[in-house]
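Worksheet: the structure to be examined is printed underneath.
Just so you know, all these numbers are worked out from the coordinates, no wet-lab data involved. These numbers come from a predicted model, not from an experiment. So basically every Cβ, Gly included, is an ideal-geometry build from the backbone, and we count neighbours across all protein chains shown.
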Amino acid sequence: MGCECDPPNSDRLARRVLAVVSDKPTLLARDDALLNAESQRFAALRSGRLAPQLLAPPSQGPALKDALTRARYVVAGRTLAPYHAVDGWALLAGLAKRRLRPVFTYRISQAKDVTVYAAPRSDRRSRR
Amino acid sequence: MGTTTRSSRRAAAIACAVALVAFLVVLAARWQHGFANVDDYLYARQAHEFARALANGPAALVEAWRAFGQNAPLVPTLAAPLAAIDPSPHLLTLAHLPFVLLLAASCTVLPRALGLAGARLALAAAAAASAPPLLAWAAMFHFAFASAALTVAALAAYMLSRGLRSPAASALFGLAIGLLCVARVIGPLYASALIAAVAGDQLTRHGDWRERLRGALVACSSAVLVATPWWAAAGGSALRYLTTAGYGESPFTHEAGLLERARERFDWTTTETGWLVACVVLALAALGLARALRNDRSRRPALLMAITALCAMTGLATSTNAGTGFALPAIALAVCLAAFAVAAPPARRSGRPAAGLRGLRALCWRVSLTSAAGLPCSMRYLRQASGSDRSGSSAHPDSSRRAQRWAASATHLTATD
């Protein structure tokens, strides 16, 4: 975490991310012990919402491009202990190419944060 | 005999009380942090589904078993009544309570079989049952603690059965083995280690073979009766998971030779336990084993404990999947031997204990007390699980190794840098 601080409240973080992505197709490009697919599913169960449509994070290449095209939201950010290694540069390039904008940022520590990117509104309308 | 039983019961009561208090301290620390990791959430959802299935009858429960076929059902099923009230993993950790008491009771039987009695037995049992390397795992809604408690309980039941001569204790031994097989998907590995040690013990015994054969049949029947329903319903996916996650190509495995695997297993276990505590436990366990081997009465139980732990570690070393608390049953047995070393009366050789031995014991005592005083700090696992520990240790299988690799190339993904 880059500090000797206590771990943050994982329930609250999962709820806040779920409030943004809701049940829309979401690429979980950053997952670790703090924020992961299970915490999202559990947050949905706890709040009585529909389970989020989580896309498995492909590491790189065409699969990553395909996932970025299908996703309406992308959960990214820095972590020291990721569960899935994603090519960060390819992801950044994909986010820029698809003009995804950050809509939620949660700073955990100097070396750890969570950012949720959303597809542009026109893009979202066209896939409805 | 009556006095011995009374003193054993008193020791068990003291051990249970101490373990209960320590467990409550660990729980309070966990609830204060409000942190749950990936396993907590997964098993909490499983417990919630089991609670819903239980309300709809046995057929629905079998369906739920199949749906969560990669995860053993014992702990989530025990937690299901709690999950019906609130599926929060923070609350569901209360389901560990029976296992805390079972471990405390079993930790009384093992040192007693090694020859301890009275206050020394109570001290050893209380120390083993509340040892931070074990109890810290009870803070997590996970299967490792239950597996460790059941492994120790199985061995305790075997010792009570006097080499499978007592049918009632043999049935308990079988019951513990059966529960162990449904407590964790790799439970059969621990059960195999126990069976290997018990088989060796049986082969070196003489006489009463009819009683012992009857006891073995009783134990097998109760184990099969308990474990069969779940393995029949979900065994296919459990075995598939075991082979792919343990030996196949997965993010959790990698190519390594046999010696390299053994070294990695030892390294990972000591990292999970904490190097200082692991070294103390290992030194004391070796001391306890050496002392127990000198005595005719304690030789057999000590060998049983050591061989079970060794077989379990050897089995685990066949896979490169580091896992989460995989070695905890072996650690539990090592802790029991260590507690025996601490509590046993000084060995008398030519009237005086060896000065070096006394010195080592005094040093280990000091380090043990220091680590025991930091029991709430054993919530260290929470920091590790959240990745805050720079050593990269994590509660997720093998995430440490990947974390180390990944941290080296520290990819920054956000636009907020």
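Summary of values
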| quantity | calculated |
| --- | --- |
| Gyration tensor verdict on segment B:1-102 (Cα atoms; rounded if a/c is under 1.5, prolate if a/b is larger than b/c, oblate otherwise) | oblate |
| Per-residue mean of C-beta atoms belonging to partner chains within 10 Å, peptide A:28-37 | 5 |
| Three-way shape label, segment A:4-128, alpha-carbon gyration tensor, a/c 1.5 | oblate |
| Gyration tensor (alpha-carbon) shape descriptor, segment B:48-181, a/c threshold 1.5 | oblate |
| Placed amide H near residue B:72: partners under 5 Å, 5+ positions off or other chain | B:185 |
| FRET efficiency, 1/(1 + (r/R0)^6) with R0 56 Å, evaluated for residue B:262 and residue B:5 via beta carbons | 0.85 |
| Pairwise FRET efficiency - residue A:16 versus residue B:276, Cβ, R0 = 41 Å, nearest 0.05 | 0.60 |
| Exposure proxy ranking, count of Cβ atoms within 10 Å, fewest first, for B:243, B:314, B:108 | B:243, B:314, B:108 |
| For segment B:181-247 versus segment B:58-94, the gap between their alpha-carbon centres in whole angstrom | 23 |
| Of all DSSP beta bridges in segment A:10-123, antiparallel share, percent nearest 5 | 65 |
| Neighbour-count order for B:31, B:137, fewest beta carbons within 10 angstrom listed first | B:31, B:137 |
| Ranking of B:255, B:49 by count of other Cβ atoms within 10 Å, fewest first | B:255, B:49 |
